Amino acid sequence: MQNVHPKRWWALFVLATAQFMVIMDTSIIGVALPEMQKDLGFSQGELQWVFNAYVIAFGGLLLLGGRLSDLFGARKVFVSGWVVLIAGSVLAAAAQSAAVEVAGRAVQGVGGALIAPAAMTLLMLLFGHDPKELGKAMALYGAAAPAGGTAGVFLGGVFTEWLSWPWVFIIYVPIGAATLAATRLLPAVEGRRGSVDVLGAAAVTAGLALAVFAVVRAPEAGWGSTGTVLQLAGAVALLALFLVVQKAVREPLMPLKVWRVPRLGSANLAMALLGAAWIPMWYFLNLYLQQVMGYGAFASGAALLPMTGLLMVFMTAVTARLLGRFGAKNLIGGGLLVLALGLLWLSRVGPTGSFVIDVLPASLVAALGMSLAYIPAMMAAMSGAPQEQAGLASGIVNTTYQVGSALGLAALTALATSRGAGELGDLPALTDGFGAAFTGAAAIAGLEGLLTLLVMRGEPAAVSGGVKVDA
């Protein structure tokens, strides 16, 4: 019989804190973006790199983080990830230029990519002996994600308004130090012999970064310019190299046979486009509140709390019940369509818009759609995977969401800039640009919602751990 760790629930608190902080890292900077832009000299189009540098490093290296966790032991990798995250936070907080800020955010992303898969491995080790305990632990661990998103929005406003924007990064130092001190509660995990697919990790991360860079620069350089064409071609070549390497090496980061798992492809497409619609909405809504409506940092963060609060409540208390009744396919498709409706509503905002009439109800509708689609898409991606591939399937779908977020934000920023979002101080032009971005995000969510309802297979499938989901 498997030994039961006597302090496993305290250990879960440490792991949930890690999940909380990794997700908070993607939301806490949103409210601070305009102040960072003023102090560090970001252009309106370049500002997205504060977000995308983290997401590309995090999403591009998640699979490598999982592999390192297997080889060197999950606790060691978990600790290493926190050390890297703290170092990146110090660099980002101390930045005096846009380039250093982006570098700090990338280092933070590397730390997150080490922490997240190691934490999941440790959770399974602590609670895998009992399906009931595992279910409770997964629910608590999962709740830390929307809680981190909510706290990030609020704390970002508090720190930026009453202290200064570097505090959105400084906060990671004491919390990280406390987490490192508490890692003695985690079980020691022996690594195993094997190799690291360094070439594959480098190819996929570089390919994603180059693709985003090309899309970001395209409005200025021209979509048909030699530079843009070469950059996009280089990105395609690097991603193709990644696939070739995965087929050729003995121990790849992503064995290609995993794509034979039913619904993995369609669920990953849904996750990619969900991220491509949701993250740009959150990004441009922050800018609209501050640059058009004139909200301060705290007021902007407070304005987003109803949306993030609804997300937290639905993801933790409602969606799981609906999943058993309606199935993943219907919730994913329906959720994406509801998200599209909320985004279309937001696209109608004007230079003199009202928060209560134009922003609040539309943001709540969008949050409802996100909360309906996100967890079912995750479950559908893992539903057909055998137990030995469940971790890999989870890593792939998380990576897909982050990649979709980065590419979607780059593309919609290019669209918004072309429609006037780069004209700081010109409220009609800014609003036109932001409205175009909301419309583009609505098109992404709406088309993927219809595609999911038409294409995704709907028969029941076993999820790792014995849970059944009608996908």
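Since every read-out is calculated from the coordinates, none of them should be taken as a lab result. All figures in this text were calculated on a predicted structure; none of them were measured in a lab. All Cβ positions, even for glycine, are placed from backbone atoms using ideal geometry, and neighbour counts span all protein chains on display.
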> Roughly speaking, what is the centre-to-centre gap between region 180-245 and region 299-314 when only Cα atoms are used, to the nearest Å?
Replying inline: 32 Å
> Tilt of helix 8-27 relative to the longest C-alpha principal axis of the chain, in degrees (0 to 90, nearest 10)?
Replying inline: 20 degrees
>> Please arrange 434, 72 by how many other C-beta atoms lie within 10 Å of their C-beta, fewest to most.
In response: 72, 434
> Which longest run of the chain has no exposed loop site in it, a site being trypsin sites (Lys or Arg not before Pro) in a DSSP loop with at most 16 other beta carbons within 10 Å, and the site itself not part of the run?
Replying inline: 8-191
>> Over 30 Å between Cα atoms: which of 76/329; 132/329; 132/247; 76/136 fall into that group?
In response: 76/329; 132/247
> Shape of the chain from its Cα gyration tensor (a ≥ b ≥ c, root eigenvalues): rounded if a/c is under 1.5, otherwise prolate when a/b > b/c, or oblate?
Replying inline: rounded
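Taking 30 Å as R0, compute the FRET efficiency from the Cβ-Cβ separation of residue 178 and residue 94 and round it to 0.05.
Numbers: r = 21 Å, r/R0 = 0.70.
Calculated value: 0.90.
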>> Output wanted: per-residue J couplings in Hz (rounded whole) for region 284-297, from phi through Karplus 6.51 cos²θ - 1.76 cosθ + 1.60, θ = phi - 60°, x for Gly and Pro.
In response: 6, 5, 4, 5, 4, 4, 8, 8, 10, 7, x, 5, x, 4
> From the square roots a ≥ b ≥ c of the eigenvalues of the alpha-carbon gyration tensor of region 1-183, which class results: rounded (a/c under 1.5), prolate (a/b over b/c), or oblate?
Replying inline: prolate
> Roughly how tilted is helix 74-94, in degrees to the nearest 10 and between 0 and 90, from the longest Cα axis of the chain?
Replying inline: 20 degrees
> Per-residue ellipticity at 222 nm for the chain, helices alone: DSSP H runs ≥ 4 residues times -39500 (n - 2.57), over residue total, nearest 500 deg cm²/dmol?
Replying inline: -25500 deg cm²/dmol
>> As a footprinting exposure proxy, order 225, 405 by other Cβ within 10 Å, with the fewest listed first.
In response: 225, 405
> Using Cα atoms only, what is the angle between the long axis of helix 328-346 and the major principal axis of the chain, expressed in degrees (0 to 90) to the nearest 10?
Replying inline: 20 degrees
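How high is the FRET efficiency between residue 13 and residue 225 when r is their beta carbon distance and R₀ equals 45 Å, given to the nearest 0.05?
Efficiency at R0 = 45 Å is approximately 0.30.
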